[in-house]
Amino acid sequence: MSLVLKKNRTTLPATVSEFFNSENLFPRVFDINGDLFDFKGSTRMLPHVNIIENGKDFKIDLAAPGLERKDFKVEVDNGVLTISAEKEEEKKEEHENYKRREFSYNSFCRTFTLPENSVPDKIDAKYENGILHITLPKKEATVSKPAKEIKVS
């Protein structure tokens, strides 16, 4: 029995091509489950959300910098809150020797099932400093009075 060894003569070219691979040059530092930035395809964005509940309402803060009020669409249908946005950009450069046009398109859609004790008709949305603030009021709880004993005379 003999042991056959094969020399790999492509070590250097493989290392070089591996080094210049876009994922190795630009690691996915900001990528969370492949949803935020994908270097192989287009830029996709899924904004982070904070949901806060207090005594009188729910507050939803959605981080979406770089967008404008007109880019957002907030809808309520059958107890589901849908927040979506679309932004298209076109950049043009015209110089003496060349012209360049770049297009970019970003969009996202997030949905939330509303709790039973919410009032969807009174939702308020405001966009300030890159954050979409949504306030969802709660229904007023009907407090039942404790049983009152009535003396029989």
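Each reported figure results from applying straightforward, stated rules to the coordinates on display, with no laboratory input. This one's a predicted model, so the numbers in the text were calculated from it and none came from an experiment. Reconstructed Cβ throughout: ideal geometry from the backbone, glycine too, with neighbour counts over all protein chains shown.
For the range 124-139, 3J(HN,Hα) computed residue by residue from phi via the Karplus equation (6.51, -1.76, 1.60; θ = phi - 60°) reads 10, 10, 9, 10, 9, 6, x, 10, 8, 9, 10, 10, 10, x, 9, 5 Hz, glycine and proline entered as x. Counting every Cα pair in the range 46-137, what percent are over 21 Å apart? Tail of P(r) above 21 Å: 41 percent of Cα pairs.
Around the amide H of SER118, modelled in the peptide plane, lie the amide H atoms of LYS139, all under 5 Å away and 5 or more residues distant in sequence or on another chain. Put simply, the amide H of TYR127, placed in the peptide plane, has neighbours under 5 Å in HIS133, leaving out anything fewer than 5 places away on its chain. The label-point distance for THR135 and GLU94, in a model that sets each label 7 Å from Cα toward Cβ, rounds to 4.8 nm. In this structure, the amide hydrogen of ALA64, modeled 1.01 Å from its nitrogen in the peptide plane, lies closer than 5 angstrom to those of ILE131, LEU132, counting only residues at least 5 positions away or on a different chain. All other residues whose Cβ lies under 15 angstrom from that of ASP61 are scored, Lys and Arg at +1 and Asp and Glu at -1, for a net of -1. Neighbours of LYS92, meaning other residues whose beta-carbon lies under 13 angstrom from its beta-carbon, give a summed charge of -1 when Lys and Arg score +1 and Asp and Glu score -1.
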